[in-house]
């Protein structure tokens, strides 16, 4: 079994490798007009259980169920995650956005896993909405957002230490450091 993560931000992949303590990083061939990406992976079976135990409490229910289908691993999924902010920052790196909203700012994350979006709401407050389409092949999409300027600044200051250079550049452009 191979566990892997992909990002266009090399520093994010390096942080993951340091966190987990195992695995390799490779640079796949660039695909068309897409940005260059980097992949962290481990396929050594002696590490997969440890990696799953480490990351398991943070994963969405859907992703964790896929792991359980492949290997037997004991993970306490009901435990309170001691520090959820680094996980949420990593997820924001891939699926989040920070943008101007009229004269204000908007911090947002969207994904198809409601439990992941619920983690943002429980940790930071804000708003959640769900969009659906009348299409059997389309999953509901959950959106979390914050538009209150003081809250955007507070949350981005919490996320800042865990973000890669690309997101930090966006933050530095739009949100003053406090």
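Taken together, the values in this text are just the output of simple stated rules run on the coordinates, not laboratory data. Remember, predicted model here, so these are calculated numbers, not experimental data. For neighbour counting, all protein chains shown are included, and Cβ atoms are generated from backbone atoms with ideal geometry for every residue, glycine included.
Below is a table of values for the structure above.
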item: Ranked list, fewest to most other Cβ atoms within 10 Å of each Cβ, for 34, 143; result: 34, 143
item: Residue-span extension gain [residue 103 to residue 46] - 0.36 nm each, minus C-alpha spacing; result: 15.3 nm
item: Exposure proxy ranking, count of Cβ atoms within 10 Å, fewest first, for 40, 144, 138; result: 138, 40, 144
item: Cβ-based exposure ranking for 131, 42, in which fewest neighbours within 10 Å come first; result: 131, 42
item: Inter-label distance, nm, simple model (7 Å from Cα along the C-beta direction), residue 36/residue 110; result: 3.0
item: Label-point separation in nm, residue 135 to residue 122, each point 7 Å along Cα→Cβ; result: 3.1
item: Estimated FRET transfer efficiency when R0 is 41 angstrom, pair residue 147-residue 26 (beta carbons, to 0.05); result: 0.55
